[in-house]
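Laboratory data are not the source of any read-out in this text; all were calculated from the coordinates shown. These figures come from a predicted structure and were not determined experimentally. Neighbour counts run over all protein chains shown; Cβ positions are idealised from the backbone, glycine included.
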Amino acid sequence: MSSNGSERFAGKTIIVTGAGSGIGKATTIRLINEGARVIASDSSRERMDGLASEFGGAELTAVVGDIMRQETIGEIIASANGVVDGLANVAGVMDHREPIHELKDEVWDRVMGVNVTAVVRLMRATLPLMLDAGKGSIVNVSSAAGTRGSMAGAAYTASKHALNGLTKSSAFMYHHKGIRVNAVAPGATITNIEAPMDSAYATELFELPRLPLVPASAEDLAAPITWLLSDDSRNVTGIVLPSDGGRTAF
Ligand SMILES: NC(=O)c1ccc[n+]([C@@H]2O[C@H](COP(=O)([O-])OP(=O)(O)OC[C@H]3O[C@@H](n4cnc5c(N)ncnc54)[C@H](O)[C@@H]3O)[C@@H](O)[C@H]2O)c1
C-alpha cells in the first residue's frame, strides 16, 4: 500500500514527459506512490538524475532527451515493453508574451514544437499500443491560455488552443476503443517554468489591474492529472479540466 493509502496504479505503466520539474515531477511522484511504473522523460539530465536518486528501482525508468527528437520518443516507447496504460504530456515551454508583430520564427517554432508537435508524435507512437490493449488514458497539460487570449503571448496561446483541439479530436476518434483523452488546464502554478517578458508592448498591457491570484502548487495539479489517468474517471473523456483557482470563471 502506498504512502497515501491508494494503489490506483498498481501494475500499470504510465509515461510522463517534463518529469524533471514542476507539475510533471509532482505527477511522477504521485503515480509512483500510488503503485505505478513510470517512464519519466525530460531534457534536463541534472533534474532526471535528481529524480532517479529518489526512485532508483523498477518503479522509475528515466529517459533523458529533447521530446522534439524522434530518438527520445523511440527510447520512451522501447522502455514500455509493449504496454502503456497512461500517457501524461506535461512538458511545455512559455513564449515571451509577445504579440504577433514582435514574434520571431524561432520562438514560434520552439513553442509550437514542444507544446504541440511533440505531443502529436508521442501520442502517435503510443496509441497503437493502447489500441492493441483496448484501453488507455491520455492527459495533456494545457493552460488557462488554451481558452483565453490574455494569459500569454500569441505562440503559447495558439499552442494551448491547438492542444485542446487535439484533445477533443482524439477523445472522439478513440472513444469507442476504450481510450480516453482529456486535458488539465492549470492557472498560475509555482514551478520552474520561465515566463520572460521582454516586450515593452506586452508589459504595458499585462500590467493593467487584474484580480489577485493565489498560485497553485505542482501537487495541486498532480491530483487532477492522476485522477484522469486512473479508472476513477472512467466516464470522462474529451474534457479540458481547469484547475486554476477559478480563473476561468472570473
Ligand atoms: N506553471 C504554470 O503556471 C503553468 C500554467 C499553465 C500551464 N502550465 C503548463 O504546465 C506544463 C508543465 O510546466 P511546469 O510549470 O511544471 O514547468 P517546469 O519548467 O517546472 O517543468 C517543465 C519540464 O519540461 C521539460 N521540458 C521542456 N521542454 C522540453 C523538451 N523539449 N523536451 C523534454 N523536456 C522538456 C523541462 O526541462 C522541465 O523540467 C507545461 O505544459 C506548461 O505549459 C504551467
Listed residue (Ala195, Thr147, Gly113) projecting farthest to the positive dipole end of the chain, Cβ model: Thr147
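Please compute the alpha carbon radius of gyration of the stretch 13-242, then divide it by the globular-protein estimate 2.2 N^0.38 Å. Two decimals is fine.
0.98
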³J(HN,Hα), Karplus 6.51/-1.76/1.60, whole Hz, each residue of the stretch 218-223, x for Gly, Pro: 4, 5, 4, 8, 4, 5
So how much slack lies between Met197 and Lys135, counting 0.36 nm per residue of separation and subtracting their Cα-Cα distance, in nm? 18.1 nm
What is the gain in length, in nm to one decimal, between Ser44 and Asp231 on full extension, counting 0.36 nm per residue of separation less the C-alpha to C-alpha distance? 64.2 nm
Placed amide H near Ala183: partners under 5 Å, 5+ positions off or other chain: Asn140, Ile239, Val240, Leu241
Integer Hz, Karplus 6.51/-1.76/1.60 couplings in order for the stretch 50-59, x for Gly and Pro: x, 5, 5, 6, 7, 10, x, x, 5, 6
Please list 3J(HN,Hα) in residue order for the stretch 121-137, calculated via the Karplus relation 6.51 cos²θ - 1.76 cosθ + 1.60 where θ = phi - 60°; whole Hz, with x for glycine and proline. 5, 6, 5, 4, 6, 8, 4, x, 5, 5, 5, 4, 7, x, 6, x, 9
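When a/c is below 1.5 the answer is rounded, else prolate if a/b is larger than b/c, else oblate, so apply that to the stretch 42-82 with a ≥ b ≥ c taken from the square roots of the Cα gyration tensor eigenvalues.
On the way: a/c = 4.43, a/b = 1.24, b/c = 3.56.
Oblate shape, in that a/c is at least 1.5 and b/c is the bigger or equal ratio.
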Under 5 Å between amide H atoms, partner at least 5 residues away or on a different chain: which partners does Ile15 have, H built in plane at 1.01 Å? Ile39, Gly86, Leu87, Ala88
Of Ile15, Ile239, Ile193, the one that fluctuates the most in a GNM where the chain has Cα springs shorter than 10 Å: Ile193
Suppose the chain between Arg110 and Ser150 were pulled fully straight at 0.36 nm per residue; how much longer would it get relative to their current alpha carbon spacing? 12.4 nm
Rounded FRET efficiency, nearest 0.05, which uses the C-beta distance separating Ala78 from Thr248 and R0 of 45 Å: 0.70
In whole Å, largest first, what are the principal axis extents of the Cα atoms in the stretch 34-103? 49, 26, 24
When the helix-only estimate is applied to the chain (DSSP H runs of n ≥ 4, each -39,500 (n - 2.57), divided by the residue count), what is the mean residue ellipticity at 222 nm, nearest 500 deg cm²/dmol? -12000 deg cm²/dmol
